[in-house]
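S.K.: Below is a structure I'd like to ask you about.
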Amino acid sequence: MATDRDKDKSQFMVGTCLGMCPYAEVRLRQRERLIHPLEMAVNSNGNQLNYVQPRAMVKEFSRSAAGTEIKASDIRPVPVLVKTMKYLLTTVCLREDVSWALVYQFVSDRLRAIQQDLCVQGIKNTTCIHLYQAAVRFYAYAHYRTCEHDLCDFDPYLNKKHLTETLTLVVALFHEQDCQNKDTSFVDSRLFPDCCDEEIWNDSNDDTSESKIVQDARTTEKKFHRRTRKEGGISLRMSGDSCLDQNSSTGVTNSLRELSLANNSGGFADSEISSFSVPTGRTKECENKVISGYTFREEAEALYLLVNFGNEEVLMHAFQLQKKIRCSRLVSVAIKMNIAWLSCNYYRVLCLSSILPPLFLCAFHPHLTMIQRKALSILSIAHNSKGLVYKQEDLAAVLCFPSVQELNDACRHYGFTVLGGGIIFNKAAFNWNISMG
């Protein structure tokens, strides 16, 4: 007798495409000359050649149209999707012969196609969650790296939309697992020391009636994964676990300024992560090292809190989590930051942010300017005096500005007087109508 799960499976299609791009699409795009520059062949020196490399072609995202038939030969099964995701994050993202804006546009489009194939097949297992989380990490990192680019290269609104939608889906899938009380070993599994453990990427829900073509795809994926581990490359985790210097005088943004997709297990090279400051009079949390050793579930919930920073509904969701998740160090710090923001304790928000791993600082970074603006508005009232000068170095450290010059530029932007050694606050001078710098 068929179970409810078997009935649900029968309603969805099982992909049979063994390549990163369906054969029909390869022929069509070659014929119509719709080949992306990142799909062109390269020589041994990494220089781009003038002919197509079909093996480097990746299925592009296309909206479903009414009356269009979806063929199984155009849908990639889970092992091929895993292979494609690894190719995008470990090969394409490290290309230096093209601009990062071009890399972002290509990878972002192909990630949407991966999510589309997952949706068509109705896949909701742990491997699916890993794929969605990998996309979340890319969007969070890309938002920081590309935030100063022109709109023609990067649309922060669309990126934020993709990030929020994918992250919300990850949290929903975890919640669904909780309701079904399944796969608890996945929830408790630690990311360290080896986040590329092959068992993580194996689908534990194999069906005995699985087609031969999908089994072949799994074999291909295992071989690819073993080769990837030998050759190195970034893991799909992309979250940093290196300990940053807690004693420098630079701002939080300096810890992000040189982040790159590097070839190490943490996703970011230790040598490429600048240190950041912890303000004087730091709290107990700030005296500790950068958070590490969190689970996949804790990562998703913390990112959910930081991406939707200040959202009371998201904070209430966090309060309803299981105790072991809610009280974990990473999630509890994200909760405390949200509570401090709602309590207008902006100094505590910035102080707590100093122990976040690099990936989570990327998610928090879009809110940094807003927090600094709110803090300056309060200081304009609390230190309102013509004869009082606030020392620039101290204020830059408290508000986590990368340099005194950037603090001075922000203060002038909001209407304050900047002297040689300090800032003069005047509550009447603060311009409430001007946009954030």
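S.K.: Leaving out ligands, DNA and RNA, what percent of the accessible area of the stretch 71-132 is carbon and sulfur, probe 1.4 Å?
M.R.: Ligands and nucleic acids excluded, carbon and sulfur reach 50 percent.
S.K.: Kirkwood Rh and Cα-based Rg: tell me the resulting Rg over Rh for the stretch 300-393, rounded to two decimals. Don't skip to the answer; put the middle values down first.
M.R.: Numbers: Rg = 15.1 Å, Rh = 14.3 Å.
Ratio of gyration radius to Kirkwood radius for the stretch 300-393: 1.06.
S.K.: Compactness ratio of the stretch 386-437: Cα Rg over 2.2 N^0.38 Å, N = residue count?
M.R.: That ratio works out to 1.07.
S.K.: Still on this structure: Taking the Cβ of Gly15 as the center, what net charge do the other residues with Cβ under 9 Å away carry, scoring Lys and Arg +1 and Asp and Glu -1?
M.R.: For residues surrounding Gly15, the net value is -1.
S.K.: Quick one: what are the phi-derived ³J(HN,Hα) couplings along the stretch 387-402, Karplus 6.51/-1.76/1.60 with θ = phi - 60°, whole Hz, x for glycine and proline?
M.R.: Here the 3J(HN,Hα) series is x, 9, 10, 8, 4, 5, 4, 5, 5, 5, 6, 5, 9, 6, 7, x Hz.
S.K.: Whole number please: convex hull volume per residue of the Cα set in the stretch 84-166, in Å³?
M.R.: 86 Å³
S.K.: Within 10 Å, Cβ to Cβ, of Gly421, how many net charges do the neighbouring residues add up to if Lys/Arg are +1 and Asp/Glu are -1?
M.R.: That sum, taken over residues with Cβ under 10 Å, equals 0.
S.K.: Turning to a different aspect of this structure: Report the extension gain between Asp97 and Ala382 in nm, rounded to one decimal, defined as 0.36 nm multiplied by the number of residues separating them, less their alpha carbon distance.
M.R.: Contour length minus the Cα-Cα distance gives 97.5 nm.
S.K.: Here's another thing I want to ask about it. Rounded to the nearest 0.05, what FRET efficiency do Lys71 and Ala428 have when you use their Cβ-Cβ distance and R0 = 41 Å?
M.R.: Taking R0 as 41 Å, the efficiency between Lys71 and Ala428 is 0.05.
The values are calculated or read from the model by the stated rules, or taken from the named source; none is laboratory data. What you are looking at is a predicted structure, and each value in this text was computed from that prediction instead of being measured. A quick note on method: Cβ atoms are made from the backbone with ideal geometry, for glycine too, and the neighbour counts reach across all protein chains shown. Only protein heavy atoms, including side chains, enter the accessible area calculation; ligands, DNA and RNA are left aside. Shrake-Rupley method; radii C 1.70, N 1.55, O 1.52, S 1.80 Å.
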